[in-house]
Amino acid sequence: MGIERPPTGHDVELAALAAAGDRRAFGELVRRHGSAVRGLLRRLGADPATADDVAQDAFLVGYEQIAEYRGEGAFAGWIKKIAARLYLRKVKREARLVLTETPEEEAPVGPDGSAATADRLDLDEALKSLSKAERLCVSLCYGADWSHAEAAEVLNIPLGTVKSHVKRGLDKLRARMAAPSGSASNDSARRESHG
Amino acid sequence: MADLDFETQLARLYGQAPAFRDAELFAQQVTDRLDRGWALRRVLIGATGVVAGVAAAAQLVSARFSTEFSEMSHEGAQQLGKLTQRYDQLFTLGGSETLWLAVALAGLALAFAVTRLMDEV
């Protein structure tokens, strides 16, 4: 027997093969999107070990539910949503989710309101300046492509609270990443309409 | 970055998957877990078949025995010779097709389970 090559093709084709029982096709999807899912979970606030565990679980759940994915959106988005839900369920179960209105400790920002040059494009570094709740809400809305309403429903907090977490988070990220001023209101308005 | 909309830029940054040195290992771990889960499922199905087959065979055998024993109590010890004779008939194809069928099914299920186990190992 020759060496088995991993299946190739578009994600939708691979998902269809996986739905028909081809585990190698699903393995290729894991190879393509594993890092994205792991990265998102870390950005949501999971420590590396937890992020990897939840990412693995998310792919196993994804395999079980692969028939439900019909290619309406990107596979990466679909699997990220599963991963985000699993992570939230985990932190809720472990009672580690505290979504307070009051900002938690903040990382220092430069005197002019911007961070050091080396950090400007480093999203992961910038996320450290956000509180847990802000980080979670911003990452759910921008990383997992959830609407504000979806985040509020799953987090079981008022919509307004999600919006304020996101707004504060965006403001901090903008300052941290030295973004041009004046886009905060536009960002919020657009995300709200998305929600 | 100054000219780009911050939200778009943020979404783009979120869309960029970080590079993990152990990305291949992670993928392998997931596929291993998938394979293990699948193997376990197949073994469980096979084992269920074996248990069901054995249970059916045991039911049939015990039903035969109870019939024979009740006859023995009614007809007395002098029927022992007859019982022995009939018990012998139990294992002849002509008199106990059902029993042999159940045994064959159990054997088949066992063979299935063993094959699956060998497949996975």
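At-a-glance table
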read-out: Spatially proximal lysines relative to A:Lys90 (Cα-Cα < 17 Å; intrachain offsets below 8 disregarded); value: A:Lys80, A:Lys81, A:Lys132
read-out: Mean Cβ count within 10 Å, highest first, over the residues of peptides B:29-37, A:69-77; value: B:29-37, A:69-77
read-out: Distance between modelled label sites at A:Arg93 and A:Arg32, nm, 7 Å Cα→Cβ extension; value: 3.0
read-out: A:Lys128-B:Leu44 FRET efficiency (beta carbon distance; Förster radius 51 Å; 0.05 resolution); value: 0.65
read-out: Within 10 Å of each Cβ in A:25-33, the average number of Cβ atoms from other chains; value: 4
read-out: Within 10 Å of each Cβ in A:43-54, the average number of Cβ atoms from other chains; value: 1
read-out: B:Arg36 paired with B:Ser62, simple spin-label distance in nm, labels 7 Å along Cα-to-beta-carbon; value: 3.7
read-out: Under 20 Å from the Cα of A:Lys128 - lysines, other chains or at least 8 residues apart; value: A:Lys163, A:Lys167, A:Lys172
read-out: Per-residue mean of C-beta atoms belonging to partner chains within 10 Å, peptide B:18-30; value: 6
read-out: Gyration tensor verdict on the stretch A:1-97 (Cα atoms; rounded if a/c is under 1.5, prolate if a/b is larger than b/c, oblate otherwise); value: prolate
read-out: Spacing of the two label points (7 Å from each Cα toward its C-beta) at B:Trp100 and B:Thr8, in nm; value: 8.1
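A short reminder: the numbers here are calculations on the coordinates, not readings from a lab. Everything numeric in this text was worked out from a predicted model, so none of it was measured. Note that we place each Cβ from the backbone using ideal geometry, even for glycine, and neighbour counts take in every protein chain shown.
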